[in-house]
């Protein structure tokens, strides 16, 4: 995400997770749709979690949070990308 992500507090680097076929935690990327949900990704080791939501079919918002991923994560500050 480069400087745009760093400016919003999203640390650079890779994260590994086991993709899930249901729920909003570590959901398979291909299954994330513009459905109003916030998806949370974590590898179980790092404090920062990555949040993703799609406000439309062509926009992707990425943010970060601390703590644990839950089914009710909320998006705070984010970087928006064209998909």
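Observations
- The one condition in (1) free of Cβ contacts under 8 Å to residues at least 60 places away in the same chain; (2) touching a strand residue (DSSP E or B) at 6+ places or on another chain (Cβ under 9 Å); (3) surrounded by fewer than 17 Cβ atoms within 10 Å (Cβ to Cβ) that residue 8 fails to fulfil: (1)
- Among (1) on the phi > 0 side of the Ramachandran plot; (2) under 13 Å from the mean Cα position of the chain (by Cα) - the single one residue 27 does not satisfy: (1)
- If only residues of segment 33-46 that are surrounded by 12 or more Cβ atoms within 10 Å (Cβ to Cβ) and more than 17 Å from residue 10 (Cβ to Cβ) are counted, the one that is farthest from the chain's Cα centre (by Cα) is 34.
- Subset of segment 47-71 (residues that are in contact (Cβ under 8 Å) with a residue 24 or more places away in the chain and either closer than 12 Å to residue 10 by Cβ or out of contact with any strand residue (DSSP E or B) (no Cβ under 8 Å at 6 or more places or on another chain) (or both)): 48, 49, 50, 51, 57, 62, 63, 64, 65
Every read-out reported here was derived from the displayed coordinates using simple, explicitly stated rules and does not represent laboratory data. Since we're looking at a predicted model, the values are computed, not measured. Don't worry about glycine lacking a Cβ; one is built from the backbone with ideal geometry, like all the others, and counts go over all protein chains shown.
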